[in-house]
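Let me begin by presenting the structure, written as C-alpha cells, before commenting on it.
The values are calculated or read from the model by the stated rules, or taken from the named source; none is laboratory data. Just so we're clear, the structure is a prediction, and the values are computed from it rather than from any experiment. Methodologically, a virtual Cβ is constructed for each residue, glycine included, from the backbone with ideal geometry; neighbour enumeration extends over all protein chains shown.
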Amino acid sequence: MINWFVKLIKLSAMKKIFLFLSVMVIVSCNQEKKFDSFSKDKLRNFDPDIYELRDYNVKLVKGQILYMPIYSNIPHFMDSIKIDMSAFVAFHNTDFKHTIKLKRVQYFDTKGKLVHDFLLNGTRELSPLETVDFYVPYRDQSGTGANFLIEWKSDSLVTEPLVESITINTKMQHCVAVLSQGKVIKELK
C-alpha cells in the first residue's frame, strides 16, 4: 500500500490529472448502471388502493379560484434598481383517481391589468397526479404585485390541488428566489 502511494506522489501533474479523470469516468459509468432500474418500462400501472392510510378528514372540493402572487421585478433598494425575475407556476392534481379541468389561468400585472391568458384556446384537463406549469420570462415587467388567477373544476369531489410558484433570478452574482403558494379566494364544494 505504501509503495502505491509513493508511486502516486512521483507522478507528473499531467499523469495525475489523467488518472483522476479516468477514475471519475469509471465511477460515473458505475453510477449510471444504478439508475437503470429507474426505467419506466419496468413499472406496472398505478393502483391507488395500495396506499393503506385513509384520512376521511381530508378536504374534498369540486372547484376553486386561486390567487397566486408572482414577483416579476423586485426593488433593490441599495442600488435603486429593479431586479428582473422569471417565474413559473406549478399546478399539481393531487387526486389519485379523478381528473380536474383548468378553466382559466390568467396573469395580471401590479395594477391588475391582464397581461397574458394561458388558456385562451380552451380548458386543460389534468389526469390524476399530473402537473402542469406556466412560465413567466425575465423580460416581463409586471412588477412586485404581479399575480395569477387560476380557476379549476372537477365533476367529482377531489383532494385539493397543490399550486406553487417559484420566482427566481440567477443572472446576478447571487441567486434570488421566492416560493409562494396559492390562496383560495372562492370555492365550490
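Pairs please, first residue from the range 121-139 and over 13 Å from Leu162 (Cα atoms) and surrounded by 14 or more Cβ atoms within 10 Å (Cβ to Cβ), second anywhere and at pLDDT below 95 and among the acidic types (Asp, Glu), Cβ atoms under 6 Å, 6+ apart in sequence or on different chains.
Close Cβ pairs (under 6 Å, with a partner that is at pLDDT below 95 and among the acidic types (Asp, Glu)) amount to Tyr138/Asp84.
Looking at Lys153, Lys183, Lys171, which is the one that is within 19 Å of Thr110 (Cα to Cα) and not aliphatic (A, V, I, L, M)? Break it down stepwise before answering.
Details: Lys153 fails: within 19 Å of Thr110 (Cα to Cα); Lys171 fails: within 19 Å of Thr110 (Cα to Cα).
Within the list Lys153, Lys183, Lys171, the selection yields Lys183.
For the range 55-93, what are the residues that are among the small types (Gly, Ala, Ser), under 24 Å from the mean Cα position of the chain (by Cα) and modelled with pLDDT under 85? Walk me through it before giving the result.
Of the residues in the range 55-93, the ones among the small types (Gly, Ala, Ser) are 63, 72, 80, 86-87, 90.
Next, only the ones that are under 24 Å from the mean Cα position of the chain (by Cα) stay: 63, 72, 86-87, 90.
Ser72, Ser86 - these are the residues of the range 55-93 that are among the small types (Gly, Ala, Ser), under 24 Å from the mean Cα position of the chain (by Cα) and modelled with pLDDT under 85.
Can you go through Ser142, Ser154, Ser180 and tell me which one is among the polar types (S, T, N, Q), surrounded by 14 or more Cβ atoms within 10 Å (Cβ to Cβ) and under 13 Å from Phe88 (Cβ atoms)? I'd like the intermediate steps shown before the answer.
Working: Ser142 fails: under 13 Å from Phe88 (Cβ atoms); Ser154 fails: under 13 Å from Phe88 (Cβ atoms).
None of the others qualify; the one that does is Ser180.
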